[in-house]
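Accompanying notes for the structure given below.
The values are calculated or read from the model by the stated rules, or taken from the named source; none is laboratory data. Values in this document were obtained by computation on a predicted structure and should not be read as measured data. Cβ placement follows ideal geometry from the backbone for every residue including glycine, while neighbour counts extend to all protein chains displayed.
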Ligand SMILES: [Zn+2]
Ligand SMILES: [Zn+2]
Ligand SMILES: [Zn+2]
């Protein structure tokens, strides 16, 4: 099982779209190393996690075939995770020789509303018919080919049930963003279903920034608390790897700096393009 990080920034990107702070200026002068696009990951060139505005850039940059993607799991409707308009280009005159005639789109009811709203003007019926829509809620499980997927509720927003995904095939990956600390029932659910992670991917928007911050995201301190819970409930192994990501430009997310900081806490800091074989 292969996990590839395609984007590792929070909603504004790094350098941030409209920002001229010292760190964003420094990042702009070394994009080769420091550029972080909006969060997305891919499993085995089969499943995309989230559909940010950079999806197209990710496919070109990392040389994979978007038309071969079997399913897209969307965590929530925030625009850094779901740029539905891209799907308009999946057919008609805009795409030939599509590998997978249909792609399955999974999301909560708000994600599906956003899909319909934002594609209403330009989506053609012949393209829409190749997109299978599935509404998912927290504490459900379903399969996509060989993958078994469990959903959990994120601690992220009032307006909708943002989702965390746990994806199992040969190995198990917990894909957890955007979220603050998880509710106790999430750990209980996983324990009841015997789901044990080989890789845990955590929201680390605030990294080592200790200024007061919202409870909708995490930093290293909260990541440590989550790890303790995972151990307590027996949801990880001795050799489970922890990758942190979704960094804000306010967290000084320079690659080397964060890699070193993360190491102090026993985590790996992901960067755009990072590929992990499990
Ligand atoms: Zn986000
Ligand atoms: Zn900035
Ligand atoms: Zn969000």
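For residue 244, state whether it is in contact with a helix residue (DSSP H, G or I) (Cβ under 9 Å, 6 or more places away or on another chain) and modelled with pLDDT of 95 or more. Yes; evaluated as a whole, the condition is true for this residue.
Scan the stretch 18-34 and give yes if some residue there is more than 22 Å from residue 112 (Cβ to Cβ), away from ligand 1 (no atom under 12 Å from the Cβ) and within 21 Å of the chain's Cα centre (by Cα), otherwise no.
yes
Can you name the residue in the stretch 17-44 that is in contact (Cβ under 8 Å) with a residue 24 or more places away in the chain and more than 18 Å from residue 270 (Cα to Cα) and is also farthest from ligand 2 (Cβ to nearest atom) among such residues?
26
When the strands (runs of 3 or more DSSP E) confined to the stretch 122-220 are screened for residues that are within 14 Å of ligand 1 (Cβ to nearest atom) and closer than 16 Å to residue 230 by Cα, those reaching at least 1 such residues are found at 163-168, 172-176, 197-203. Given 197, 207, which one is touching a strand residue (DSSP E or B) at 6+ places or on another chain (Cβ under 6 Å), more than 16 Å from ligand 3 (Cβ to nearest atom) and closer than 27 Å to residue 28 by Cα? Sole residue among the options that is touching a strand residue (DSSP E or B) at 6+ places or on another chain (Cβ under 6 Å), more than 16 Å from ligand 3 (Cβ to nearest atom) and closer than 27 Å to residue 28 by Cα: 207.
Do we find that residue 49 is within 14 Å of ligand 3 (Cβ to nearest atom), touching a residue at least 12 places away in the same chain (Cβ under 8 Å) and in contact with a strand residue (DSSP E or B) (Cβ under 7 Å, 6 or more places away or on another chain) in this structure? Quick ask: steps written out before the conclusion?
Working: within 14 Å of ligand 3 (Cβ to nearest atom): yes; touching a residue at least 12 places away in the same chain (Cβ under 8 Å): yes; in contact with a strand residue (DSSP E or B) (Cβ under 7 Å, 6 or more places away or on another chain): yes.
Yes: the conditions hold for residue 49.
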